[in-house]
Ligand SMILES: [Zn+2]
Ligand SMILES: [Zn+2]
């Protein structure tokens, strides 16, 4: 790690709050990806805190003449509630 590198400034993980981390500039040079490096353990920072789930995609109800949009997690419920007479083949 080149300490003259401006990216070697210690930062804090926004996700789990761990500090003494730096951006792994060498890793970025090699792979084009960024990862955090823990200067305490001399290991890449593996975040233990799970990230909040991505916002769910909105989907169209696939049933003809319905055309409603909803979160993809709600589609099954919607089909059961609104389209129960249409069969349950989805
Ligand atoms: Zn973290
Ligand atoms: Zn529908």
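We did not get these values from a lab; they are worked out from the coordinates using the rules stated. Not measured: the values here are computed from a predicted model. Because the Cβ atoms are built from the backbone with ideal geometry, glycine has one as well, and the counts that use them run over all protein chains shown.
Can you give the translational diffusion coefficient of region 24-68 in µm²/s, computed by Stokes-Einstein from the Kirkwood radius over Cα pairs at 10 °C and 1.306 mPa s? It would help to have the intermediate numbers written out before the result.
Working: Rh = 14.5 Å.
The Stokes-Einstein estimate is 109 µm²/s.
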If each residue of separation counts as 0.36 nm, what is the full-extension length gain between residue 28 and residue 12 once their alpha-carbon separation is subtracted? 3.9 nm
At a 10 Å Cβ-Cβ cut-off, how would you order 34, 23, fewest neighbours first? 34, 23
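Give me 27, 65, 60 ranked fewest to most by other Cβ atoms within 10 Å of their Cβ, as a rough exposure proxy.
Numbers: 27 15, 65 5, 60 11.
By the 10 Å Cβ count, ascending, the order reads 65, 60, 27.
Taking 0.36 nm per residue of separation and subtracting the Cα-Cα distance, what length does fully extending residue 39 through residue 65 add?
Values: separation 26, 0.36 × 26 = 9.36 nm, distance 5.87 nm.
Extra length available between residue 39 and residue 65 comes to 3.5 nm.
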